[in-house]
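Chemist: Structure provided below as C-alpha cells; questions to follow.
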Amino acid sequence: MQDTVLIIDDEKKICSLLARIIELEGFKVFQANTGKEGLKTLAMQDVNVVISDVKLPDINGVELVKEIKKIKPYVEVINLTAHGTISDGVMAMRNGAFDYITKGDDNDKIIPLVYKAMDKVKLQRRVYELENKISKKYSFSTILGQSKAMKEALDLAQKVAGTDTTVLLLGETGTGKEVFAQAIHYESPRKNKPFVALNCSGFNPELLESELFGYKQGAFTGANKDKRGLLEEAHEGTLFLDEIGEMNLDLQAKLLRVLENQTFIKLGDTQTSKVNVRIIAATNRSLKEEADAGRFRLDLYYRLSVFSIELPNLAQRKTDIMMIAKHYLKEFSAKVNKPDFTMDDSFSDLLMKHVWKGNIRELKNVMERVVILADGNIATANLLPYEFHAEAQEEDSMKMQVIEKQHINKVLKHTRGNKTEAARLLGIGLTTLYRKMEEYKIS
C-alpha cells in the first residue's frame, strides 16, 4: 500500500506547492483547505501522515490534532505555522502532534520529518490493527446464541462492561464464563491493558497465594528472587478468577482487602503494594450456600456479587444448540481443509436429545471429533459417541412404557377391571398383565 500524506492549508498555492514536493518523494498526497474538509478526507481515505497549518479558517490547527487522533489514533500530525509560539508548540505536542515547525524553516525539515512520521505510523498501525483484531475476537458479537436466556445474559454483560464494577459470573461447567469475562474486558475502557486469568482450582493454597500476590526473595525455601504476582501483572487491566469457590478462607480475606482498597502484601514483604485492577470472578457453585456452610466468607460473597450474571446451560437454551454445532463444524472443517459440513436428520435429532452436562465445551469437543472421523462432509449419527445413541434408546424406551401404561389402563377401564378379559383383548397372558400392572403401579 502506498504511503499517504494529507496536507491541510487554506492557502491553495502553498498547499499545491507542498503537495508537489512531497509527491516527488513517491508519496500519494491529498489536499484540503479547511479543517472540516481535512477531517472528511481523513475519514474517507487511508491517510498516514497529516501536515496541517495552524491558522485555518474554521479551526485552530493545534486543536485539530485532537480531532484527527479521535478518528485515527495511529495517524501522525505535523503542525506548520507562520508565527510560532512556545505555548502553541507545547499544546500541539500535548495534543499528540508529531512535530511543530515554523514556515520558512520547513524547507530542509519537512521531508525528513515526513519519513520519520511515516516510520512511526507503520509501527503504530501494526499495533492498532493487532489490538483491534484481539478486541474483535473477544467481543460480545462473537458469543453465539439467540435464545431469550442468552440474550438476557449478554444484555447484562454489555451494560456492566463499561464500568469498573466487580462482576460475578455464575453457571455450570462449560457455559462460557471465561469467554464472557474476556468480552467484558475487551469492551471496557481497560481493553488495551492486560487480561489475566487464574484458575483457583489449579493450585494448592500456598502456590495460589504466591501466584496471586507474588513474593519477595527469601520468603520461603526456593524463593531466590522477587516474583511479581498476577495482581501486579493485571495492573490497570482485569484479573479473572475462575472457580473462586475453591479459594481457602485465609486467601479470601486477603482478596477482600484488594477489593476494598486495591492493596495487598506480598509473601515475605512488610510493605503494602497497591494496584489498580478490576476483578471478574466465576464459579459453578452457589457461593451463598457455601457461605452459609462456613466454607466461603459472607463479606467476600457480598463484595463479589455486586453485579452477578447467571449464564444459562444448554438445557436452558436448546434453541441455540444447532447454531453452535454448525459454527464449530465450520470452524474445525476449515482447520483441516475440509468443505463445510451438512448435518443429516438423525445427527441433528441426537444432538437435540443429548443431555449436555459439559455444555458448550462438550459440544465443541464433539464437533471436533465428528470432523476428524468423517470421511466426507456429511455429519451422520454414526459419528457421534456411544452415549448419544444409548440416551436416545432410553428415551424411546421410556416413551413406549408411557404409551403401554396408558393403553393397559384404557383396556382395564373398558373391561371394568376384568383382568382376564383385559389380558385377552391385549393379546397377552394373565401373568404378564399382572407383572406389567405391578411394574407400572396400576391398581
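Chemist: Based on DSSP loop calls and a cut-off of at most 10 other Cβ atoms within 10 Å, the longest stretch of the chain free of exposed trypsin sites (Lys or Arg not before Pro) is what?
Modeler: Excluding the exposed sites themselves, the longest stretch runs over 1-224.
Chemist: Probe radius 1.4 Å, ligands and nucleic acids ignored: give me the carbon and sulfur share of the accessible area of the chain as a rounded percent.
Modeler: C and S fraction of accessible area: 51 percent.
Chemist: Using DSSP loop states and a limit of at most 16 other Cβ atoms within 10 Å to flag GluC sites (Glu not before Pro), what is the longest stretch of the chain containing no flagged site? Before the final figure, lay out each step's value.
Modeler: Numbers: sites that count: 11, 25, 236.
Between the exposed loop sites, the longest stretch runs 26-235.
Chemist: Say the dipole of the chain comes from +1 at the beta carbon of Lys and Arg and -1 at that of Asp and Glu; which of 235, 380, 86 then lies farthest toward its positive end?
Modeler: Among 235, 380, 86, the one farthest towards the positive end of the dipole of the chain is 380.
Chemist: A further question follows. Under a no-solvent Debye model with one identical scatterer per Cα of region 81-225, what's log10 I(q)/I(0) at q = 0.12, 0.16 Å⁻¹?
Modeler: -0.80, -0.97
Chemist: Could you report the chain's accessible area per residue, 1.4 Å probe, as an integer in Å²?
Modeler: Spelled out: the 1.4 Å probe surface of the chain, per residue, equals 54 Å².
Chemist: With a bin width of 5 angstrom, please list the P(r) values of region 44-161 as percents of all Cα-Cα pairs, from the 0 bin to the one holding the largest distance.
Modeler: Bin by bin from 0 Å, the calculated values are 2, 10, 16, 16, 13, 9, 8, 7, 6, 5, 3, 2, 1, 0.
Chemist: Not counting ligands, DNA or RNA, and with a 1.4 Å probe, what is residue 21's accessible surface area in Å² rounded to the nearest 10?
Modeler: Surface accessible to solvent at residue 21 totals approximately 70 Å².
Chemist: Using Stokes-Einstein with the Kirkwood hydrodynamic radius over Cα pairs, what translational diffusion coefficient do you get for region 192-258 at 10 °C and a viscosity of 1.306 mPa s, in µm²/s rounded to a whole number?
Modeler: Once the numbers are plugged in, D ends up at 127 µm²/s.
Chemist: For region 310-443, I need the span (max minus min coordinate) of the C-alpha atoms along each principal axis, in Å, sorted largest to smallest.
Modeler: Ordered largest first, region 310-443 gives principal extents of 67, 39, 19 Å.
Chemist: Another one. Could you point to the residue in 43, 273, 247 farthest towards the positive end of the chain's charge dipole, with +1 and -1 charges on the Cβ of Lys/Arg and Asp/Glu respectively?
Modeler: Of the candidates, 247 comes out farthest on the positive side.
Chemist: Going out from 0 in 5 Å bins, what whole percent of all Cα-Cα distances in region 267-307 drops into each bin?
Modeler: Here the calculated profile for region 267-307 is 5, 18, 22, 16, 14, 15, 9, 1.
Chemist: On average over all directions, what projected area in square nanometres does region 34-87 have, based on the convex hull of its Cα atoms?
Modeler: Computed as one quarter of the Cα hull surface, the answer is 3.6 nm².
Chemist: The chain: Rg/Rh from Cα coordinates, Kirkwood Rh?
Modeler: 1.18
Chemist: Using Cα-Cα distances under 8 Å and only pairs 6 or more residues apart, what relative contact order does the chain have, in percent?
Modeler: Relative CO of the chain lands at 11 percent.
Chemist: What percent of all Cα-Cα pairs in region 1-99 falls in each 10 Å bin, counting up from 0?
Modeler: Whole-percent P(r) values from 0 Å outward: 17, 53, 28, 1.
Chemist: Can you pull the three principal axis extents for the Cα set of region 159-225, in Å, largest first?
Modeler: 46, 29, 16
The values are calculated or read from the model by the stated rules, or taken from the named source; none is laboratory data. The structure presented is a predicted model; accordingly, all values stated were derived computationally and were not measured. For neighbour counting, all protein chains shown are included, and Cβ atoms are generated from backbone atoms with ideal geometry for every residue, glycine included. Side chains included, ligands, DNA and RNA excluded: accessible areas come from the protein's heavy atoms. Shrake-Rupley method; radii C 1.70, N 1.55, O 1.52, S 1.80 Å.
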